[in-house]
Each structure stands twice: as structure tokens, then as C-alpha cells.
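Here's the structure we're looking at; comments come further down.
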Amino acid sequence: MNEKGSEMIRFIKDLSNTLLEYVKDDPVRPNLSVDFRVSDNRMVIALVEDEKPAAMVCVSLHDFIPQTVEDLCETAMEPTAAIFYTIWSYKPGSGAELLFKATEELKKQYPTLDRFVTLSPKTELARKFHLRNGAEIFRENVDTVNYEYKVKERA
């Protein structure tokens, strides 16, 4: 929680979660169904403030770094990489805050994870967002870019 005490992170893995109605606002990959987003090691994570999302991110867990959306269909028994494949926010600064909180929480829930990488569109907006928030370009693919966020281990 932040200083206001009203923001929290929610992991959405169940199709009955009412926060999934906000998936319609996804500006990056609006064509992906809600069913796709919450199945086979995929989930939606929301930064919620006063019961409404401040930002949302879709995550897929893998044992490799996907280069395409189609690659997200491959699952892993012991995932080593969390792939952020779409993110949007309703409040300035919330997208970055969600990424950092989601990374921290994913590491706790899935101890085998050691990489946090995006599957981003090749846009200037995505490039600026990820580089400004500390990511590095891991790989440029035909239609996407993988930006990697380094996670510092806690002492």
C-alpha cells in the first residue's frame, strides 16, 4: 500500500472477477479474449484504488522468452520468466507502479521466476515507457520488442 493506504495489487486468475470488465480498455492487444488472459499460467494483475483499477497488466509465465503473442500459448511446469504482454493505466504513474509491485509479488508467489520481460509492440510509446522505468532491451523481434526489468534480491 502507498501513503494513502487505499491502493493494493490484485491477481486475477478467475473468470468471475468483476475487474475483468476493464480488459475492454486494453489499448495494446484488445483482440485477446478474457479467457486467454486468465488461463494456462496467464493472469491479469490490477493496481486497485477504491475498488477501481488505477492500472492493469496481463502476465504470462514461461520457461523461455516469447517473441510473438502466439508463443504465449506455450506453457511451463516450472516457469522462470514472467512476461508482461500488455499494460494500461487510468491514472498517471500507475502503470510503472503496478509493474514494480507486480514484479515483487510475482517473485514471492513463484520463486522459480528469475526474469521479468515484456512482449511489447514496436512503438515509441512502449520504448519510452520501459526505458524510462529502468528496463533494458533484451531482444528486438520481427513485430515485438522484449524489454527486461532486472530484479534486485532483497537482503
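The values are calculated or read from the model by the stated rules, or taken from the named source; none is laboratory data. Remember, predicted model here, so these are calculated numbers, not experimental data. Don't worry about glycine lacking a Cβ; one is built from the backbone with ideal geometry, like all the others, and counts go over all protein chains shown. Each accessible area value is taken on the protein alone, full model and side chains, heavy atoms only, with ligands, DNA and RNA left out. Shrake-Rupley method; radii C 1.70, N 1.55, O 1.52, S 1.80 Å.
On the beta carbon distance between Met77 and Arg10, with R0 = 30 Å, the FRET formula returns roughly 0.75. Scanning the chain for GluC sites (Glu not before Pro) lying in DSSP loops with no more than 11 further Cβ atoms inside 10 Å, the longest uninterrupted stretch between such sites is 52-152.
When both bridge partners sit in the chain, DSSP labels roughly 90% of those beta bridges antiparallel.
The modelled label-to-label distance between Glu136 and Glu104, using points 7 Å beyond Cα along the C-beta direction, is 2.3 nm. Ellipticity at 222 nm from helices only: DSSP H runs of n ≥ 4 in the chain, each -39500 (n - 2.57), divided by the residue count, give -5500 deg cm²/dmol. Bridgeable aspartates and glutamates around Lys52 (alpha carbons under 20 Å apart, same-chain partners fewer than 8 residues away excluded): Glu3, Glu7, Asp14, Glu21, Asp25, Asp26, Glu97, Glu105.
Summing Cβ point charges (Lys, Arg +1; Asp, Glu -1) relative to the Cα centre of the chain gives a dipole of roughly 400 debye. If you wrap the stretch 1-108 in the convex hull of its Cα atoms and look at it from every side, the mean projected area works out to 6.7 nm².
The label-point distance for Lys122 and Lys150, in a model that sets each label 7 Å from Cα toward Cβ, rounds to 2.7 nm.
The apolar share of the surface of the stretch 64-155, taken as the fraction of accessible area on carbon and sulfur atoms (1.4 Å probe, ligands and nucleic acids excluded), comes to 55 percent.
Sites listed here are trypsin sites (Lys or Arg not before Pro) in the stretch 85-155 whose DSSP assignment is loop and whose Cβ has at most 12 other Cβ atoms within 10 Å: Lys122, Lys150, Lys152, Arg154. Per residue, the accessible area of the chain comes to 54 Å² when a 1.4 Å probe rolls over the protein heavy atoms.
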